[in-house]
Amino acid sequence: MTRSLDTVAWRARTVRPSLRAATPLDVEPTWRFRNLAGVSRWLTCTPATLEEYHASSERPDRLATTLIIELDGDVIGDLMVAVEDSWSQAEAAQQARGVQAELGWVLRPDHVGHRCAAKAARELTRICFEDPGLRRVTAHCFADNAASWHLIERVGMRREPHTARDSLHHCGTWLDGMGYALLSDEWRTLMQRYPCETRWHRPPTTRLARAHAMAPWPVSW
């Protein structure tokens, strides 16, 4: 079972950028960056035309799981948050319904490197744990999409599976996949330890790691 975002009382604390629910008016602004080759190469699906994108993006189920990232009124990205059931044995299925969410994000390339995606993703994580009281959030990406998993790790998620050549990319190559998760108690520990979002993580300790951390990226789902 996947619940709508309508069940969540959105209280985004970020001012720049800000988060809001998606509407049909966001289709064309998001198409302009989602259709770029550097972004679309990592997306689950990229419609071939704007008309196809309108049809898929305006579906009620898609709008119900999409948030928009705005900066001074300008659409600079979007977020996915799909509340879902956790796996459970049949006897415990009722208690496992709607207790976790899968997150994803896409950022307009001209806004990479300004911490907008990290701030939006962290705020979405906070909302998931505080408002509906979810117990776990997850995120997934291709292992080759280093920019995406760097962001996921900055948000505070813990790497779980690394699957070997399990995902067929549209270029025809089988790629490794990576999965991440964060539990509500882990998130609370992070907030207590690093109350300022800029101190969530210790700075990278190697020159290569520092270079990766500073590199701009398109982040996608």
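Where a number appears in this text, it was derived from the coordinates with a stated rule and is not lab data. The structure presented is a predicted model; accordingly, all values stated were derived computationally and were not measured. FYI the Cβ positions are ideal-geometry reconstructions off the backbone, even for glycines, and counts take in every protein chain you see.
Take the Cα of R20, go 7 Å toward its beta carbon, and the backbone nitrogen atoms of region 79-121 under 16 Å from that spot belong to 79.
Once divided by 2.2 N^0.38 Å, the Cα radius of gyration of region 67-157 becomes 1.21.
Counting neighbouring Cβ atoms within 10 Å and putting the fewest first, the residues D144, D26 line up as D144, D26. Neighbour counting of Cβ atoms within 10 Å sorts the residues D78, D110, D176, fewest neighbours leading, into D110, D176, D78. Estimated at 0.36 nm per residue, the fully extended path between E51 and W174 surpasses their Cα-Cα distance by 41.3 nm. Radius of gyration (Cα atoms) of region 5-214, expressed as a multiple of 2.2 N^0.38 Å: 1.03. Counted over all Cα-Cα pairs of region 125-177, pairs farther apart than 15 Å make up 55 percent.
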